[in-house]
Structures are given as C-alpha cells and as structure tokens.
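These notes concern the structure reproduced below.
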Amino acid sequence: MPLKKNSGTNQFLVKPNPSSDHWVLSSKLGTPFRFEVYDVKGQLMRREENNLELEVTIDGAKYASGVYYVKITSVKGNGIIRLIKK
C-alpha cells in the first residue's frame, strides 16, 4: 500500500519519537481513532480497528531498528506519521 503524506498529521501526536521500544499515539481531535503501522516496504505490521481511546501505546520492542509509518483514521481527520525505531 503506498502511503501518501497528508495534512492531518498535526492533529495527532506521537512521543517519544525516536524510540527504542514504544510510542504513545494520541489524538488532538477529541475523538477515538484507528491506526495501522507499516514498515518502509509498505508491509502491514499492526492494525488496531476498534480503538475507543484517545491515546494508545504502540509496542515497538519487537520491531527492527528503522523507519515505520503509522496511518491514523478518525471521523474528524486522517494522518500519516513517521516513526523512528532506534
């Protein structure tokens, strides 16, 4: 799946980034969201469809060092954010 950067990335926050083991993903929109994590080749690493929270922790401990992308979808906006794994 090709990932295209869009304007919704300022509606979501990821910290810490870079990280060695996890990222905390939160929405500034005040609505729940779903997300998908992809590696640089576009392979789906994780999908969370039924997230009802405004903040989630993405466990990256088992991911190899490198760059990943998280695609975020909510009823109020969408975004793609680059994740860096140390």
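Please give the FRET efficiency for ARG47 paired with ILE84, using the beta carbon to beta carbon distance and R0 = 22 Å, rounded to the nearest 0.05.
Working from the Cβ atoms, E equals 0.60.
Checking the cross-link filter: which aspartates and glutamates have an alpha carbon closer than 12 Å to that of LYS86, excluding same-chain neighbours under 8 positions apart?
By straight Cα distance, LYS86 reaches ASP21.
Which GluC sites (Glu not before Pro) from region 23-86 combine a DSSP loop assignment with at most 12 other Cβ atoms within 10 Å?
GLU49, GLU53
Lys/Arg Cβ at +1, Asp/Glu Cβ at -1, dipole of the chain taken about the Cα centre: which of PRO32, LEU52, GLY77 is farthest positive-ward?
GLY77
May I ask you to compute the full-extension gain from LEU54 to THR73, defined as 0.36 nm times their residue separation minus their alpha-carbon distance, rounded to one decimal in nm?
The span from LEU54 to THR73 would gain 5.6 nm if fully extended.
I'm spelling it out carefully: the read-out is P(r) over Cα pairs in 10 Å bins from 0, in percent, the candidates are (i) 15, 47, 28, 9, 1, 0; (ii) 14, 34, 32, 16, 4; (iii) 19, 56, 25, 1, and one was derived from this structure. Which label?
(iii)
For a footprinting-style exposure proxy, rank LEU25, LEU13, LEU44 by other Cβ within 10 Å, fewest first.
Placing the least packed residue first, the sequence is LEU44, LEU13, LEU25.
Can you compute 3J(HN,Hα) from phi for each residue in region 51-61, using the Karplus curve 6.51 cos²θ - 1.76 cosθ + 1.60 with θ = phi - 60°, rounded to whole Hz and x for Gly and Pro?
So the J values, rounded to whole Hz, are 6, 10, 9, 8, 8, 9, 9, 9, 7, x, 4.
Quick one: of LYS15/LYS62; LYS28/LYS62; LYS28/LYS85, which pairs are farther than 21 Å apart, Cα to Cα?
LYS28/LYS62; LYS28/LYS85
Where a number appears in this text, it was derived from the coordinates with a stated rule and is not lab data. This structure is a prediction, so every number in the text was calculated from the model and none was measured. FYI the Cβ positions are ideal-geometry reconstructions off the backbone, even for glycines, and counts take in every protein chain you see.
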